[in-house]
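Working notes, structure below.
Only the coordinates and a few stated rules stand behind these numbers; no lab work does. What you see is a predicted model; the values in this text were computed from it and never measured. Cβ coordinates were reconstructed from backbone atoms using ideal geometry, including for glycine residues, and neighbour counts include every protein chain displayed.
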Amino acid sequence: MSPRTFARRFTGSTGTTPYQWLIHQRIRLAQRLLETSDLAIDSVAEKSGFSTGANLRKHFSRAMHTSPQAYRRTFQVRRTFQVRRTFQVRRTG
């Protein structure tokens, strides 16, 4: 199958180009890593296939309308609140 035929069929099937689909999958992986780990942004970029922190920040900001660091802070606040709440429930219960 030619690359052009593949791209046309892929777009017809998924509604997006192979490149955009790949970027979206990488962003989803970066989101999970930012939510669940304390890895440096450069490490998150490398593990999610963006290779550099600058590349991750560019694509992440375009898609999510926030920076990777701001996104991570949102989840750190939620995790801290959940840990404190769990600790308080266990102490009083």
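Numerical summary
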{"item": "Kirkwood hydrodynamic radius (C-alpha pairs) into Stokes-Einstein, the stretch 1-81, 10 °C and 1.306 mPa s, D in µm²/s", "result": "116 µm²/s"}
{"item": "Rough spin-label spacing in nm, given labels placed 7 Å along Cα→Cβ, for Gln76 and Phe6", "result": "4.0 nm"}
